[in-house]
Amino acid sequence: MTKLIKHPLIEIKLTKMRDENSSHIVFKKNLNEIGSLMVYEILRNYKPKVKKIKTPTNSITNGKTFNNDIVIVPILRAGLGMVAGIETLIPQAKIGHIGIFRNNKTFQVEEYFYKIPIVSKKAEIIVVDPMLATGVTAINAINKIKKDGYKNIRFVCLVAAPEGLLKLEKKHPDIDIYIVAIDKKLNDKKYIIPGLGDSGDRIFGTK
Ligand code: URA
């Protein structure tokens with residue numbers, strides 16, 4: 001199911017990211033802050049386990065703690081820009097990486113890196129990429145993670161193109177998709193319009 005997360009703070013931060021005059025410092029800062037704000041919603045239905053603790057008043061009380069591993073999996077390279085923001089709220093999260101792209105000549109999807117921490121197949125896997133454009137890389141990244149046996153996978157991005165979102169929903173109807181904006185369309189170079197440009201370049205200042 002797709003969950004569109006709406007919040008004025010997110011809209012203000014996303015506007016800063018869309019602005020072509022924002023530097024990579026501003027872009028990265030706002031991307032990470034949106035990542036932190038999104039986590040709150042992403043884990044809304046997470047079921048923590050009971051943890052008995054003793055408080056400074058010598059009282060025993062039942063609190064809550066994480067009950068399984070949480071793994072953030074950025075799709076390289078732009079997904080890296082969301083990791084720090086999510087880690088702020090889940091510092092114990094482990095990090096996997098997936099390097100995947102669509103070859104512009106062959107149009108085939110090529111994977112060049114894949115490493116997921118050794119965790120239970122019941123771990124919460126949070127796949128992140130700021131942009132969902134054609135949907136091809138997200139679909140293939142999730143295929144790969146599912147093939148490895150992981151069951152609890154979510155996909156988190158900022159801006160989606162309607163066509164990419166539809167494709168991802170169709171291929172992986174069991175996955176929860178979290179986004180903050182659905183834009184108008186893709187242009188002929190597969191960039192999201194109005195979008196925010198090449199998110200990797202804007203995060204890392206490579207352009
Ligand atoms: N990836 C980006 O970084 N930007 C787009 O608009 C589409 C894909």
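The values are calculated or read from the model by the stated rules, or taken from the named source; none is laboratory data. Every value quoted in this text rests on a predicted model; they were computed, and no experiment measured them. Neighbour counts run over all protein chains shown; Cβ positions are idealised from the backbone, glycine included.
So here's what we get for this one:
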| quantity | calculated |
| --- | --- |
| Residue pairs meeting the criteria (Cβ under 7 Å; at least 6 apart or on separate chains; first of a type in the set (Gly, Ala, Ser), in segment 49-71; second in a strand (DSSP E or B)) | Gly63/Lys51; Gly63/Ile53 |
| All positions within segment 174-197 that are free of Cβ contacts under 8 Å to residues at least 40 places away in the same chain and not aliphatic (A, V, I, L, M) | Asp174, Asp183, Lys184, Lys185, Asn187, Asp188, Lys189 |
| Options Lys28, Lys3; residue that is touching a helix residue (DSSP H, G or I) at 6+ places or on another chain (Cβ under 9 Å), basic (Lys, Arg) and buried (at least 17 other Cβ atoms within 10 Å of the Cβ) | Lys28 |
| Boolean, Lys151 is more than 27 Å from Lys94 (Cβ to Cβ), free of Cβ contacts under 8 Å to residues at least 40 places away in the same chain, surrounded by fewer than 19 Cβ atoms within 10 Å (Cβ to Cβ) and more than 13 Å from the ligand (Cβ to nearest atom) | no |
| Residues of segment 31-84 classified as in a strand (DSSP E or B) and of a type outside the set (Ser, Thr, Tyr), total | 17 |
| Matching option when the condition is closer than 26 Å to Asp176 by Cβ, modelled with pLDDT of 95 or more and of a type outside the set (A, V, I, L, M, F, W, C), among Lys13, Lys54, Lys47 | Lys13 |
| Checking Glu87 against (1) closer than 15 Å to Glu124 by Cα; (2) charged (D, E, K, R); (3) touching a helix residue (DSSP H, G or I) at 6+ places or on another chain (Cβ under 9 Å); (4) in contact (Cβ under 8 Å) with a residue 40 or more places away in the chain, the condition it does not meet | (4) |
| Residue check, Asp188 at pLDDT 95 or above and more than 15 Å from the chain's Cα centre (by Cα) | no |
| Lone qualifier among Lys6, Lys28, Lys13 - being charged (D, E, K, R), farther than 28 Å from Leu166 by Cβ and outside any strand (DSSP E or B) | Lys28 |
| Selection from segment 154-166 of residues that are closer than 28 Å to Asp69 by Cα, among the charged types (D, E, K, R) and within 15 Å of the ligand (Cβ to nearest atom) | none |
| Test: residue in segment 75-83 that is surrounded by fewer than 22 Cβ atoms within 10 Å (Cβ to Cβ) and more than 14 Å from the ligand (Cβ to nearest atom) | yes |
| Exclusive hit being more than 23 Å from Gly81 (Cβ to Cβ) and aliphatic (A, V, I, L, M), set Leu166, Leu132 | Leu166 |
| Matching residues in segment 56-74 - criterion: being surrounded by 17 or more Cβ atoms within 10 Å (Cβ to Cβ) and β-branched (Val, Ile, Thr) | Ile70, Val71, Ile72, Val73 |
| Scan of segment 167-199 for residues that are surrounded by fewer than 19 Cβ atoms within 10 Å (Cβ to Cβ), part of a strand (DSSP E or B) and more than 16 Å from the ligand (Cβ to nearest atom), ordered by number | Asp176 |
